[in-house]
């Protein structure tokens with residue numbers, strides 16, 4: 001019988017385990033869908049534990065605003081054939097801050113800053129941003145990045161369940177400073193168009209957001225690591241045109257009512 005070195009056995013074990021933890025596109029991802037959801041829950045709890053940094057507008061105080069915003073997310077998920085629609089909650093939370101941004105964590109937890117809402121002109125633009133963030137969650141971009149970031153030994157301990165109990169919590173904390181790659185951002189832009197193409201919103205809604213910020217004297221800091229807004233506008237519009245999606249503005253009045261509720 002041939003003796004296989006321990007390190008080789010470990011490698012073969014890791015490969016076999018990783019093969020059972022792929023995304024729906026076949027990308028290796030050490031996190032199972034259940035772990036990804038738990039990671040999102042832990043990150044959400046951490047965000048809510050820091051009201052000074054993340055001042056959340058509570059649903060009970062803004063029921064109409066949340067009904068509008070969550071309704072938009074639900075429509076995109078329902079009509080856009082978003083992956084993991086049955087596994088991830090795709091819930092949205094408003095953060096009361098002048099920051100012009102939105103972000104998503106694993107498991108479909110989405111956060112929108114009121115500063116972003118204030119810069120937009122139509123519901124289509126908001127839907128485009130939401131589609132982009134939904135895509136980050138549905139394409140599992142965050143845990144794909146974490147899989148690359150944490151190293152081989154950590155991956156093995158996670159997939160075998162032999163890691164210390166606090167590891168998942170530490171990984172959750174690192175998500176708040178995680179940067180997506182340019183290819184992730186491009187894919188999220190593309191899927192935003194694809195998702196909205198099936199809805200009543202303009203499929204190029206995200207382009208409106210980038211058009212508004214590209215000429216600002218001080219663009220949001222997060223764009224320093226992202227593709228050029230001008231290029232993104234061109235690519236988003238081209239994809240909507242290639243797919244023969246509607247780009248007609250569909251929502252101003254309801255959006256303006258929502259905007260007034262959360263920014264005044």
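Observations on the structure shown:
- Flag for residue 109 being modelled with pLDDT of 85 or more and farther than 22 Å from residue 213 by Cα: yes
- Scanning region 236-258 for residues that are outside any loop (DSSP other than H, G, I, E, B) and either modelled with pLDDT under 95 or surrounded by fewer than 18 Cβ atoms within 10 Å (Cβ to Cβ) (or both) yields a count of 8.
- Subset tally (residues that are under 19 Å from residue 74 (Cα atoms) and outside any helix (DSSP H, G or I)) for region 174-215: 7
- Selection status of residue 175, at pLDDT 70 or above, crowded, with 20+ Cβ neighbours inside 10 Å and in contact with a strand residue (DSSP E or B) (Cβ under 8 Å, 6 or more places away or on another chain): yes
- Region 51-62, residues that are farther than 19 Å from residue 130 by Cβ and either without any contact (Cβ under 8 Å) to a residue 24 or more places away in the chain or touching a helix residue (DSSP H, G or I) at 6+ places or on another chain (Cβ under 9 Å) (or both): 51, 52, 53, 58, 60, 61
The values are calculated or read from the model by the stated rules, or taken from the named source; none is laboratory data. Quick caveat, the model's predicted, so the values are computed rather than measured. Note: ideal-geometry Cβ built from the backbone for every residue, glycine included; neighbour counts use all protein chains shown.
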